[in-house]
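Here is the structure we will look at.
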Amino acid sequence: MNRFLLIAGLLAVAASCYAGFEQKDQGARQAGAGNAEAARGYSAWILFVNPAGLMTLDQPELAVSAFRPFGLKELQTMSLAAVLPSENWAAGIGAGFTGNGVYRESQFLAGFGFRLFPDFSAGLTAKYVHASIEGYGNAGALELDAGLQSVVMDGLTAGVTVFNLTRAKIGRSSEPLPSGWRAGLSAWIFGKALISGEVYHQTGFPTDLRAGLEIPLTHQVTLRTGMQSATGVVTAGAGVEFWGAGLDYAFQSHPDLGSTHQISIGISLGTGENRRFPETALSWQESKNPRPSASRKSTGKMEPVFLNRATVSELEALPGISRAQAEQIVAMRENRNGFVSVEELLGIDGMTEEKLNRLKPWLLLD
């Protein structure tokens, strides 16, 4: 009887805030910003939310996350994700594990995102979920999620996800798995902050309004905050970027159940840019607040650079170009005795046609 009461209590807690098999956002970056993630991305954790957002990554990434909701070891959660992007598609795999020896919930994901148009992407995720209760057996089921994401205009992105399209059910009693949708917007405001909002609707639960704010203090340090209306959860967090990796921390406060602390780590396997901010947002931000460079006049306005003469510092000052990429451009230029065409930059790690098109107004050939 005691075991039954324990299981019933755990399931009641999960249903009130972390409903069994609901679409949990696993990364601390997302949690710190209120989990308003449908229109964001730029980390491997988007696999768990909107597979179309896989197209926001331009480098392979591995990520791991761990947290205990409200300090309860019975609900402790660990998640893993890996994403491999390319020019017009991206693939990801992930896994999440919740619970302990008495009650255990697992999910395994495989997602695929693809670009339909330059600023419009779609994606599908196959998710296998499995639950086991000690002494009561186990069961599993397969569901499909689908998502869309589009850059509406510079600095503004829209996204929508429908989860459990197949209306999958689990167990002998054919309990329906959570189904519903989430839709939102994210916008880069005044080159200073990334703000996001989302409507999250899960069948049988109150509609949740979510909002998040992300403020980059530098290219390495970020502060976050957010809220969720249905549960009254308030969130906060911070992130640090170092040596191609990102460490994120999130704090969530529930009015009745207490606090949750979460940590996640993401490792970028490419030689590229700061992965914490949307590339379009960074480009927009830097064009409004350019870093000092010899390629700019004293007025602070950005000027085009001569590709065959620019220094590493001048190239790095261009929107969306990291120091590693600037150094690679100079090395390629020396090996080729100069560039004949701007398109040769497509050989640089992390350079895509979309990014190059945004850079072309700032690149000149002698």
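The values are calculated or read from the model by the stated rules, or taken from the named source; none is laboratory data. The shown structure was predicted, so the numbers you read here are calculated from the model rather than taken from an experiment. A quick note on method: Cβ atoms are made from the backbone with ideal geometry, for glycine too, and the neighbour counts reach across all protein chains shown.
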Hey, can you tell me all the residues within the stretch 94-103 that are more than 13 Å from Q26 (Cβ to Cβ) and either surrounded by 16 or more Cβ atoms within 10 Å (Cβ to Cβ) or modelled with pLDDT of 90 or more (or both)?
G99, Y103
Selection count where residues are exposed (fewer than 15 other Cβ atoms within 10 Å of the Cβ), in a loop (DSSP other than H, G, I, E, B) and not β-branched (V, I, T), scope the stretch 335-363:
5
Residue pairs meeting the criteria (Cβ under 9 Å; at least 6 apart or on separate chains; first without any contact (Cβ under 8 Å) to a residue 24 or more places away in the chain and more than 15 Å from A326 (Cα to Cα), in the stretch 336-362; second surrounded by 13 or more Cβ atoms within 10 Å (Cβ to Cβ) and of a type outside the set (A, V, I, L, M, F, W, C))
R336/E344
In the stretch 115-181, which strands (runs of 3 or more DSSP E) lie fully inside it and hold 1 or more residues that are surrounded by fewer than 19 Cβ atoms within 10 Å (Cβ to Cβ), in the same structural domain as A95 (by TED's automatic domain parsing) and without any contact (Cβ under 8 Å) to a residue 12 or more places away in the chain?
137-153
Residues in the stretch 227-235: is at least one closer than 19 Å to Q26 by Cα and under 15 Å from the mean Cα position of the chain (by Cα)?
no
Where residues in the stretch 76-87 are loosely packed, with under 15 Cβ neighbours inside 10 Å and not aliphatic (A, V, I, L, M), which of them is farthest from T352 (Cα to Cα)?
S86
The residue that is modelled with the lowest pLDDT, considering only those in the stretch 299-343 that are closer than 17 Å to L356 by Cβ and polar (S, T, N, Q), is S322
Of the residues A230, A238, which is modelled with pLDDT of 95 or more, in contact with a Leu (Cβ under 8 Å, 6 or more places away or on another chain) and outside the structural domain of S322 (by TED's automatic domain parsing)?
A238
Residue check, L185 assigned by TED's automatic domain parsing to the domain that holds N50, surrounded by 16 or more Cβ atoms within 10 Å (Cβ to Cβ), more than 19 Å from Q26 (Cα to Cα) and at pLDDT 90 or above
yes
